[in-house]
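Inspection log for the structure reproduced underneath, given as structure tokens.
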Amino acid sequence: MVTTDASFERAYVQYLPAVSGYLYRRVDRQHVEDLAADVFAIAWRRRATVSEGEELPWLYRIAANVVANHRRKQASGAALFASLRPADSAPSAEEIVSADATLAAAWRQLRPAEREVLALALVEDLTPAELAVALGVSVNAATIRVHRARAKLAGLLATE
């Protein structure tokens with residue numbers, strides 16, 4: 001558990017780059033720093049609930065909720081203006097698949113939950129145990145979700 005100030009500080013230093021990368025691939029660059037701060041503020045308040053060794057997937061789960069809240073706030077405000085990402089930015093899962101028109105078409109046919117589980121498993125490279133924590137399900141359920149999403153994507157690719 002991350003219960004002391006020193007252990008939380010170590011976790012912050014260790015996991016901030018991964019959490020920032022996760023956020024960077026999901027929101028506009030200008031919001032990453034603020035959202036990362038929100039993730040760690042929530043983590044600080046809930047630090048007694050995380051088990052040793054599950055910190056990163058737990059932080060991804062918090063980050064997913066922070067991103068969802070951020071998107072709701074953005075959608076409820078004025079019309080969004082797309083900003084260009086610099087050439088050196090890491091591509092989002094959507095940008096990766098859009099490079100191949102067939103893959104992009106199949107990716108769009110997946111449900112958002114299927115896209116997220118594939119992004120966590122393949123882009124964020126989470127293990128089944130880490131994925132389970134990030135999704136808030138058992139390891140078996142996480143493995144099944146990845147398998148089903150991969151199978152659906154493969155099926156969609158076969159029909160394209």
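The values are calculated or read from the model by the stated rules, or taken from the named source; none is laboratory data. Just so we're clear, the structure is a prediction, and the values are computed from it rather than from any experiment. With ideal geometry, Cβ positions are generated from the backbone for all residues, glycine too; neighbour counts draw on all protein chains shown.
Can you pull out the residues in segment 102-158 that are closer than 29 Å to Tyr15 by Cβ, part of a helix (DSSP H, G or I) and polar (S, T, N, Q)?
Within segment 102-158, Asn140, Thr143 meet the criteria.
Looking only at segment 125-151, which residues are surrounded by 20 or more Cβ atoms within 10 Å (Cβ to Cβ) and either within 17 Å of Leu59 (Cβ to Cβ) or assigned by TED's automatic domain parsing to the domain that holds Ala64 (or both)?
Selection gives Leu126, Glu130, Leu131, Ala132, Val133, Ala134, Leu135, Ala142.
Those residues that are in contact with an Asp or Glu (Cβ under 8 Å, 6 or more places away or on another chain), assigned to a loop (DSSP other than H, G, I, E, B) and at pLDDT 85 or above, I need them from segment 29-84; list them, please.
Glu54
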